[in-house]
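Chemist: Here it is, the structure in full.
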Amino acid sequence: MPAMEFQTSADEEVGRSHSNGKRGGWITFPFIAGTLMGLLLAGNGFMTNLIVYLIEEFNVKSIDATQITNILNGSVCILPIIAAILADSFLGNFSVVAISSFFSLLGVVLLTLTASINSLRPHCETGSSFCQAPSRVQFAVLYAAIALATIGQGAMRFTLATLGANQFDKPQHQGVYFNWFFCIFFASGIISSTIIVYVEDSISWGLGFGICAASNFVGLVIFLMGNRFYKHDKPQGSPYTSLARVIVAAIQKRNIPLSSVSEDYYHEKDERSQTMGATPPRSLRFLNRAALKTDEDIKSDGSIVKSWRLCTVEEVENLKALLRIFPLWSSTLFLSTPLAILLSMTVLQALAMDRRLGSNFKIPAGSTVVVALISNCIFLSIFDKFFLPTWKKLARRSLTPLQRIGVGHVLNVLSLAIAALVESRRLKIANAKHIQAQPGAIVPMPVLWLFPQFVVSGLADVFYFPGQVTLYYQEFPVSLRSTATAMISLILAIAYYVSTALVDLIRNVTGWLPNNINEGRLDKVYWTLCMIGSLNFGYYLVCSWLYRYRNIEEEMARPVNEDNEETKQEG
């Protein structure tokens, strides 16, 4: 079928419906950065050390604590999809971020009370190992606090990312923004995983959670202060309705033969029609019937009957874009699942290793993940300043999002292999010292051995996460921009839930994960995940080879000298 003209749709109107054309740009970045830092310090401050808090203060068994944390992490990651639907369809990004930040503040304040008021925690007798089980009221208050904070943190994160990206019109500026967004994202994790976790472990849980509450409050205030500088995109109603209409219309017209004449389809002239992107797979041509005009769709005066029997060409193409990207999206599920298991199990490994650093300092178990975050920040700055310019000079074109994601796959498998080797060594030392059967025994192996796997994992995130967000943000319809940035969060949510089910399966079938990990075979778990990751990388290669960019192929393929000429003209 020849190239069709595309009507001027609501997608374009979304981009034009700013309340003030002079708003937006880099002047908004300090407010968004301050908001992100404050809110993430609060969220990471309690989430990073939650496993230890549940074990030490609420007497929850270690594996059960990791399972609870995985479920909460999954909830934090699935909520952005719900928030994106609300932002795109009804409330807008600003309202969703403001409301969710307030929910997060309420939750963290309530969590601070559980750590500060003795009656809200189970009692342990002094000098005895006996501790009471938490009462229903204590569990209710704890879960209410975590639920409120989780709702707020989950709804805020990627909605704020979309609000920030919407302040820029050029893809180059959006790409730089996403790099800085994730740099701040990881930097907040470093601060919370070191300073705040240290306060919680060494001084007071109440003080640590109180710092989180104060940080959340400051972040909310900064966000509201920047309101007069933000571009506010007005929601145009649910974009998901048009996607459903395409499916319904295509089914109703399933017996009508497709036409190769452009005039037979419902469209209006649009100057963007020649740059909309790649030809869709032949298997999706069935959906073209949704835009095929019939006698039933035309009134006697020649106007179009607006119904669920007829959609515009662009509405059809928008649904095709989502379906075409789905295989790529699915290939990242098994990339994130091993990462979720690695992060939770590493805390248990750290609890069973020598965490002394010098004679007076002991590294908190929840702070070991900070190595990955430091790796993220260092490699992100190197990536933006050195790696990308070098790549463009050598390859004469920009690094594509799919290439960036592919490198992340390889590095993720490598980090799992390193983790398996380190755990094998830890178990050998435990067996040699005959302490594997002793509950709570510390293996005389420095916790620093866990750092290499975190360094490689952090480097993998530098390639993977910004590449994913850039791909979805540029390839999704404009009306689904909030959904686009939340897709990576949905991947993480499913990964955490799958990791929880996978850990339960391994516990029930293999016996590799007893409550005392010194008696288990965590190394075999890591090797299994490494094998799954390798197979998944092969699946990703097939999906990426078959995929054709819709909106950014020409932008990525531009020679370096053209980019330089444009930069000079802008200067």
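Chemist: Quickly run through the stretch 511-545 and pick out the residues that are more than 27 Å from Val407 (Cα to Cα) and open to solvent by 60 Å² or more (accessible area, probe 1.4 Å).
Modeler: Trp512, Asn515, Glu519, Arg521
Chemist: Just give me the residues in the stretch 99-115 being over 25 Å from the mean Cα position of the chain (by Cα), within 12 Å of Cys212 (Cβ to Cβ) and among the hydroxyl-bearing types (Ser, Thr, Tyr), in sequence order.
Modeler: If the condition is that a residue be over 25 Å from the mean Cα position of the chain (by Cα), within 12 Å of Cys212 (Cβ to Cβ) and among the hydroxyl-bearing types (Ser, Thr, Tyr), then Thr112 is the only one that fits.
Chemist: Hey, Phe58 hits all of (1) at pLDDT below 80; (2) open to solvent by 20 Å² or more (accessible area, probe 1.4 Å) but one; which does it fall short on?
Modeler: For Phe58, the failing item is (2).
Chemist: When you look at Arg548, is it modelled with pLDDT under 80 and open to solvent by 30 Å² or more (accessible area, probe 1.4 Å), yes or no?
Modeler: yes
Chemist: Ok, one more. Test Leu207 against the stated conditions and say whether it is without any contact (Cβ under 8 Å) to a residue 60 or more places away in the chain and either open to solvent by less than 10 Å² (accessible area, probe 1.4 Å) or more than 30 Å from Thr470 (Cβ to Cβ) (or both).
Modeler: It is true that Leu207 is without any contact (Cβ under 8 Å) to a residue 60 or more places away in the chain and either open to solvent by less than 10 Å² (accessible area, probe 1.4 Å) or more than 30 Å from Thr470 (Cβ to Cβ) (or both).
Chemist: Also, I was wondering about something else. Within 20 Å of the chain's Cα centre (by Cα), small (Gly, Ala, Ser) and under 30 Å from Phe46 (Cβ atoms) - does that describe any residue in the stretch 365-376?
Modeler: For the stretch 365-376, residues within 20 Å of the chain's Cα centre (by Cα), small (Gly, Ala, Ser) and under 30 Å from Phe46 (Cβ atoms): present.
Chemist: Of all residues in the stretch 337-366, which are farther than 16 Å from Thr194 by Cβ and not in a helix (DSSP H, G or I)?
Modeler: Ala352, Met353, Asp354, Arg356, Ser359, Asn360
Chemist: Would you pick out the residues in the stretch 153-165 that are at pLDDT 80 or above and either farther than 11 Å from Val96 by Cβ or within 15 Å of the chain's Cα centre (by Cα) (or both)?
Modeler: Gln153, Gly154, Ala155, Met156, Thr159, Leu160, Ala161, Thr162, Gly164, Ala165 - these are the residues of the stretch 153-165 that are at pLDDT 80 or above and either farther than 11 Å from Val96 by Cβ or within 15 Å of the chain's Cα centre (by Cα) (or both).
Chemist: Also: If the requirement is being free of Cβ contacts under 8 Å to residues at least 40 places away in the same chain, of a type outside the set (S, T, N, Q) and under 25 Å from Asn70 (Cβ atoms), which of these qualifies: Trp449, Trp512?
Modeler: Of the residues listed, the single one that is free of Cβ contacts under 8 Å to residues at least 40 places away in the same chain, of a type outside the set (S, T, N, Q) and under 25 Å from Asn70 (Cβ atoms) is Trp512.
Chemist: Within the set of pairs 6+ apart or on separate chains, which have a first residue in the stretch 59-81 that is without any contact (Cβ under 8 Å) to a residue 40 or more places away in the chain, a second that is assigned to a helix (DSSP H, G or I) and open to solvent by 20 Å² or more (accessible area, probe 1.4 Å), and C-beta atoms under 6 Å apart?
Modeler: Partner pairs satisfying both residue conditions: Ala65/Ile55.
Chemist: Of the residues that make up the stretch 185-195, is at least one over 30 Å from Asn360 (Cβ atoms), part of a helix (DSSP H, G or I) and modelled with pLDDT under 85?
Modeler: So far as the stretch 185-195 goes, yes, one or more of its residues are over 30 Å from Asn360 (Cβ atoms), part of a helix (DSSP H, G or I) and modelled with pLDDT under 85.
Chemist: Based on this model, can you work out whether Leu142 counts as over 30 Å from Asp384 (Cα atoms) and surrounded by fewer than 24 Cβ atoms within 10 Å (Cβ to Cβ)?
Modeler: yes
Chemist: Could you please find all residues in the stretch 314-334 being open to solvent by 10 Å² or more (accessible area, probe 1.4 Å) and under 15 Å from the mean Cα position of the chain (by Cα)?
Modeler: Across the stretch 314-334, the qualifying residues are Trp329, Ser330, Leu333, Phe334.
The values are calculated or read from the model by the stated rules, or taken from the named source; none is laboratory data. In this text the structure is predicted, and so the values were computed from the model without any measurement. Cβ atoms come from the backbone with ideal geometry, glycine included; neighbour counts cover every protein chain shown. Just the protein is used for accessible areas: all its heavy atoms, side chains included, with ligands, DNA and RNA removed. Shrake-Rupley method; radii C 1.70, N 1.55, O 1.52, S 1.80 Å.
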